[in-house]
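Report on one structure; see the data block that follows.
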Amino acid sequence: MNKKLIALSLALLAALGLLTWQLRREYRDAKNRERALLNYKIVPKPPVPMAPLPKALPVAAATYAEVAQKNLFSRDRNPDVIVDPPAPPPVKPVPPFPVARGVMLWEGVPATVVLSEKSGGPQKSYHVGDKVGDWTIASIDNTYVVFSWDGQDFKKRLDELLDRTPIQVAEAPAPNAPAQPAQANLAGKDGPSNIDIGSGVKACIPGDRSATGAVVDGYRKVVTDGPFGAVCRWEPVK
(Lines give C-alpha, C1' and ligand atoms only; values in the text may rest on other atoms or scores of the structure.)
Protein backbone atom coordinates (compact mmCIF):
# COMPACT_ATOMS: atom_id res chain seq x y z
CA MET A 1 0.00 0.00 0.00
CA ASN A 2 2.86 2.42 0.85
CA LYS A 3 4.50 1.70 -2.49
CA LYS A 4 1.35 2.66 -4.35
CA LEU A 5 1.03 5.90 -2.45
CA ILE A 6 4.64 6.75 -3.10
CA ALA A 7 4.22 6.02 -6.83
CA LEU A 8 1.08 8.14 -6.99
CA SER A 9 2.78 11.02 -5.18
CA LEU A 10 5.72 10.88 -7.56
CA ALA A 11 3.37 10.91 -10.57
CA LEU A 12 1.54 13.96 -9.21
CA LEU A 13 4.81 15.78 -8.61
CA ALA A 14 5.94 15.00 -12.14
CA ALA A 15 2.66 16.31 -13.58
CA LEU A 16 2.88 19.45 -11.46
CA GLY A 17 6.40 20.07 -12.62
CA LEU A 18 5.41 19.61 -16.28
CA LEU A 19 2.48 21.99 -15.89
CA THR A 20 4.70 24.58 -14.22
CA TRP A 21 7.23 24.35 -17.03
CA GLN A 22 4.50 24.74 -19.71
CA LEU A 23 3.05 27.81 -18.03
CA ARG A 24 6.45 29.38 -17.70
CA ARG A 25 7.18 28.84 -21.38
CA GLU A 26 3.90 30.40 -22.50
CA TYR A 27 4.46 33.35 -20.19
CA ARG A 28 7.93 33.91 -21.64
CA ASP A 29 6.58 33.75 -25.23
CA ALA A 30 3.84 36.24 -24.41
CA LYS A 31 6.36 38.66 -22.96
CA ASN A 32 8.57 38.33 -26.05
CA ARG A 33 5.62 39.10 -28.35
CA GLU A 34 4.64 42.09 -26.27
CA ARG A 35 8.23 43.41 -26.30
CA ALA A 36 8.51 42.92 -30.07
CA LEU A 37 5.21 44.72 -30.66
CA LEU A 38 6.21 47.66 -28.50
CA ASN A 39 9.63 47.93 -30.16
CA TYR A 40 8.23 47.74 -33.74
CA LYS A 41 8.62 51.00 -35.62
CA ILE A 42 6.07 51.95 -38.30
CA VAL A 43 7.56 53.70 -41.28
CA PRO A 44 4.98 56.25 -42.55
CA LYS A 45 4.29 56.28 -46.31
CA PRO A 46 4.62 59.53 -48.18
CA PRO A 47 1.23 61.30 -48.58
CA VAL A 48 -0.58 61.07 -51.93
CA PRO A 49 -0.47 64.43 -53.68
CA MET A 50 -3.98 66.01 -53.96
CA ALA A 51 -5.27 67.16 -57.33
CA PRO A 52 -5.88 70.87 -57.58
CA LEU A 53 -9.52 72.02 -57.46
CA PRO A 54 -11.07 73.05 -60.81
CA LYS A 55 -11.02 76.72 -61.45
CA ALA A 56 -14.42 78.34 -60.79
CA LEU A 57 -15.95 79.85 -63.93
CA PRO A 58 -17.54 83.27 -63.82
CA VAL A 59 -21.30 83.25 -63.12
CA ALA A 60 -23.44 83.43 -66.33
CA ALA A 61 -27.23 83.74 -66.38
CA ALA A 62 -27.54 81.33 -69.32
CA THR A 63 -26.17 78.49 -67.24
CA TYR A 64 -29.22 78.70 -64.95
CA ALA A 65 -31.78 78.40 -67.80
CA GLU A 66 -32.39 74.72 -67.08
CA VAL A 67 -33.01 75.48 -63.40
CA ALA A 68 -35.60 78.10 -64.30
CA GLN A 69 -37.27 75.84 -66.89
CA LYS A 70 -37.71 73.03 -64.37
CA ASN A 71 -39.22 75.25 -61.70
CA LEU A 72 -42.46 73.44 -60.89
CA PHE A 73 -44.01 76.53 -59.33
CA SER A 74 -43.53 78.87 -62.30
CA ARG A 75 -44.64 77.35 -65.60
CA ASP A 76 -44.39 80.69 -67.40
CA ARG A 77 -40.59 80.44 -67.18
CA ASN A 78 -40.65 77.57 -69.69
CA PRO A 79 -39.83 78.81 -73.21
CA ASP A 80 -42.09 76.17 -74.77
CA VAL A 81 -45.43 77.70 -75.69
CA ILE A 82 -48.31 75.76 -74.12
CA VAL A 83 -51.05 75.53 -76.74
CA ASP A 84 -54.56 75.28 -75.36
CA PRO A 85 -56.56 72.31 -76.66
CA PRO A 86 -59.15 73.13 -79.31
CA ALA A 87 -62.55 74.04 -77.95
CA PRO A 88 -65.25 71.41 -78.43
CA PRO A 89 -67.66 72.12 -81.27
CA PRO A 90 -70.75 74.01 -80.18
CA VAL A 91 -73.79 71.87 -79.47
CA LYS A 92 -76.48 72.49 -82.03
CA PRO A 93 -79.80 73.38 -80.42
CA VAL A 94 -82.62 70.97 -81.17
CA PRO A 95 -85.16 72.68 -83.45
CA PRO A 96 -88.76 72.95 -82.26
CA PHE A 97 -90.93 69.95 -83.00
CA PRO A 98 -93.85 70.22 -85.41
CA VAL A 99 -97.41 70.50 -84.14
CA ALA A 100 -99.64 67.45 -84.59
CA ARG A 101 -103.18 67.80 -85.90
CA GLY A 102 -104.13 64.16 -86.38
CA VAL A 103 -103.04 60.76 -87.67
CA MET A 104 -104.71 58.50 -90.22
CA LEU A 105 -103.99 54.76 -90.29
CA TRP A 106 -106.01 52.76 -92.85
CA GLU A 107 -105.37 49.38 -94.36
CA GLY A 108 -103.79 49.68 -97.78
CA VAL A 109 -103.02 53.39 -97.30
CA PRO A 110 -99.60 54.66 -96.11
CA ALA A 111 -99.62 55.94 -92.52
CA THR A 112 -100.37 59.66 -92.60
CA VAL A 113 -99.90 62.32 -89.95
CA VAL A 114 -101.24 65.85 -90.24
CA LEU A 115 -98.68 68.36 -88.96
CA SER A 116 -97.92 72.05 -88.90
CA GLU A 117 -94.34 73.29 -88.77
CA LYS A 118 -95.30 75.66 -85.97
CA SER A 119 -98.31 76.54 -83.85
CA GLY A 120 -100.95 78.22 -85.98
CA GLY A 121 -99.16 77.30 -89.22
CA PRO A 122 -100.79 75.67 -92.25
CA GLN A 123 -101.63 71.99 -91.95
CA LYS A 124 -100.30 69.34 -94.31
CA SER A 125 -100.32 65.57 -94.46
CA TYR A 126 -96.96 63.76 -94.23
CA HIS A 127 -95.78 60.20 -94.70
CA VAL A 128 -92.68 58.28 -93.60
CA GLY A 129 -89.62 59.82 -95.23
CA ASP A 130 -91.13 63.29 -95.69
CA LYS A 131 -89.41 66.37 -94.28
CA VAL A 132 -91.14 68.80 -91.93
CA GLY A 133 -88.89 71.82 -91.61
CA ASP A 134 -85.59 70.47 -90.22
CA TRP A 135 -87.15 67.12 -89.28
CA THR A 136 -87.54 63.90 -91.26
CA ILE A 137 -90.34 61.51 -90.33
CA ALA A 138 -88.87 58.08 -89.56
CA SER A 139 -92.00 56.17 -88.48
CA ILE A 140 -95.67 56.72 -87.65
CA ASP A 141 -98.10 54.67 -85.55
CA ASN A 142 -101.27 55.39 -83.62
CA THR A 143 -99.36 56.61 -80.55
CA TYR A 144 -95.87 57.80 -81.56
CA VAL A 145 -94.12 59.67 -84.33
CA VAL A 146 -90.34 59.23 -84.66
CA PHE A 147 -88.46 62.25 -86.05
CA SER A 148 -84.87 62.21 -87.34
CA TRP A 149 -82.54 65.19 -87.13
CA ASP A 150 -78.76 65.50 -87.34
CA GLY A 151 -78.30 61.72 -87.17
CA GLN A 152 -80.48 61.38 -84.05
CA ASP A 153 -83.94 59.90 -83.58
CA PHE A 154 -86.55 61.50 -81.31
CA LYS A 155 -89.64 59.48 -80.36
CA LYS A 156 -92.57 61.75 -79.48
CA ARG A 157 -96.08 60.92 -78.37
CA LEU A 158 -98.84 62.37 -80.50
CA ASP A 159 -100.54 63.93 -77.48
CA GLU A 160 -97.26 65.75 -76.69
CA LEU A 161 -97.27 67.31 -80.16
CA LEU A 162 -100.84 68.59 -80.00
CA ASP A 163 -101.30 72.34 -80.42
CA ARG A 164 -102.72 73.46 -77.08
CA THR A 165 -102.75 77.16 -77.96
CA PRO A 166 -106.23 78.59 -77.23
CA ILE A 167 -108.14 79.30 -80.42
CA GLN A 168 -109.14 82.93 -80.74
CA VAL A 169 -112.63 83.47 -82.09
CA ALA A 170 -112.66 85.99 -84.89
CA GLU A 171 -115.05 88.88 -84.59
CA ALA A 172 -118.17 88.70 -86.70
CA PRO A 173 -118.00 90.82 -89.90
CA ALA A 174 -119.97 94.00 -90.16
CA PRO A 175 -123.53 93.56 -91.50
CA ASN A 176 -122.70 95.35 -94.74
CA ALA A 177 -119.52 93.34 -95.32
CA PRO A 178 -119.85 90.29 -97.57
CA ALA A 179 -119.24 86.99 -95.79
CA GLN A 180 -116.02 85.20 -96.78
CA PRO A 181 -116.08 81.42 -97.32
CA ALA A 182 -114.48 79.42 -94.49
CA GLN A 183 -112.52 77.26 -96.95
CA ALA A 184 -111.46 78.15 -100.44
CA ASN A 185 -112.15 74.62 -101.61
CA LEU A 186 -115.75 74.38 -100.36
CA ALA A 187 -117.09 75.26 -103.82
CA GLY A 188 -120.47 75.87 -102.20
CA LYS A 189 -121.11 72.20 -101.34
CA ASP A 190 -120.07 69.36 -99.05
CA GLY A 191 -117.52 66.96 -100.47
CA PRO A 192 -113.82 66.08 -100.67
CA SER A 193 -111.25 68.82 -100.19
CA ASN A 194 -108.23 69.48 -102.39
CA ILE A 195 -105.83 67.98 -99.79
CA ASP A 196 -104.51 64.60 -101.00
CA ILE A 197 -103.46 62.50 -97.98
CA GLY A 198 -102.02 59.63 -100.06
CA SER A 199 -103.12 56.96 -102.53
CA GLY A 200 -105.75 59.27 -103.96
CA VAL A 201 -107.52 59.67 -100.60
CA LYS A 202 -108.63 63.23 -99.81
CA ALA A 203 -109.33 64.90 -96.50
CA CYS A 204 -112.78 66.13 -95.51
CA ILE A 205 -113.69 69.80 -95.52
CA PRO A 206 -114.17 71.13 -91.98
CA GLY A 207 -117.87 71.16 -91.18
CA ASP A 208 -118.73 68.58 -93.84
CA ARG A 209 -122.44 67.74 -93.33
CA SER A 210 -122.77 64.95 -95.89
CA ALA A 211 -123.75 61.50 -94.64
CA THR A 212 -121.26 58.68 -94.18
CA GLY A 213 -121.09 56.66 -97.41
CA ALA A 214 -122.20 59.57 -99.59
CA VAL A 215 -120.60 59.69 -103.07
CA VAL A 216 -119.57 63.11 -104.42
CA ASP A 217 -117.42 63.70 -107.53
CA GLY A 218 -116.31 60.06 -107.65
CA TYR A 219 -115.35 59.87 -103.92
CA ARG A 220 -117.13 58.04 -101.08
CA LYS A 221 -117.15 59.51 -97.58
CA VAL A 222 -115.67 57.20 -94.89
CA VAL A 223 -115.62 57.99 -91.15
CA THR A 224 -113.55 55.90 -88.68
CA ASP A 225 -112.58 56.27 -85.03
CA GLY A 226 -109.01 57.44 -84.38
CA PRO A 227 -106.92 58.41 -81.34
CA PHE A 228 -108.17 62.01 -81.66
CA GLY A 229 -111.80 61.12 -82.28
CA ALA A 230 -113.71 60.53 -85.52
CA VAL A 231 -111.56 60.72 -88.66
CA CYS A 232 -113.21 61.70 -91.92
CA ARG A 233 -111.82 61.00 -95.40
CA TRP A 234 -113.02 60.63 -99.01
CA GLU A 235 -111.85 57.52 -100.85
CA PRO A 236 -112.08 57.16 -104.61
CA VAL A 237 -114.91 54.95 -105.76
CA LYS A 238 -113.52 51.87 -107.55
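The values are calculated or read from the model by the stated rules, or taken from the named source; none is laboratory data. Keep in mind that this is a model prediction, so the values were computed, not measured. Methodologically, a virtual Cβ is constructed for each residue, glycine included, from the backbone with ideal geometry; neighbour enumeration extends over all protein chains shown.
Here G108 does not fit the description of being without any contact (Cβ under 8 Å) to a residue 60 or more places away in the chain and out of contact with any strand residue (DSSP E or B) (no Cβ under 6 Å at 6 or more places or on another chain). Tell me which residues, restricted to segment 113-128, are under 12 Å from I197 (Cα atoms) and among the basic types (K, R). Passing the criteria: only K124.
In segment 114-135 there is at least one residue that is β-branched (V, I, T) and in contact with a Lys or Arg (Cβ under 7 Å, 6 or more places away or on another chain).
Taking residues in segment 49-71 that are on the phi < 0 side of the Ramachandran plot, and partners anywhere that are assigned to a loop (DSSP other than H, G, I, E, B), the pairs with Cβ atoms closer than 6 Å and at least 6 places apart or on different chains are Q69/N78. List the strands (runs of 3 or more DSSP E) inside segment 72-179, counting only whole elements, that have at least 2 residues being under 29 Å from the mean Cα position of the chain (by Cα), of a type outside the set (D, E) and modelled with pLDDT of 85 or more. Filter on segment 72-179 gives 135-140, 144-149, 152-157. If you go through segment 189-238 and pick out every residue that is small (G, A, S), part of a strand (DSSP E or B) and in contact with a Ser or Thr (Cβ under 9 Å, 6 or more places away or on another chain), you end up with 3.
When we screen P90, P95 for residues that are without any contact (Cβ under 8 Å) to a residue 60 or more places away in the chain and exposed (fewer than 13 other Cβ atoms within 10 Å of the Cβ), the only hit is P90. Among the numbered conditions (1) over 30 Å from V128 (Cβ atoms); (2) at pLDDT 75 or above; (3) charged (D, E, K, R), the only one that D208 does not meet is (1).
Based on what the data block shows, is L37 loosely packed, with under 10 Cβ neighbours inside 10 Å, in contact with a helix residue (DSSP H, G or I) (Cβ under 9 Å, 6 or more places away or on another chain) and of a type in the set (A, V, I, L, M, F, W, C)? In short, no.
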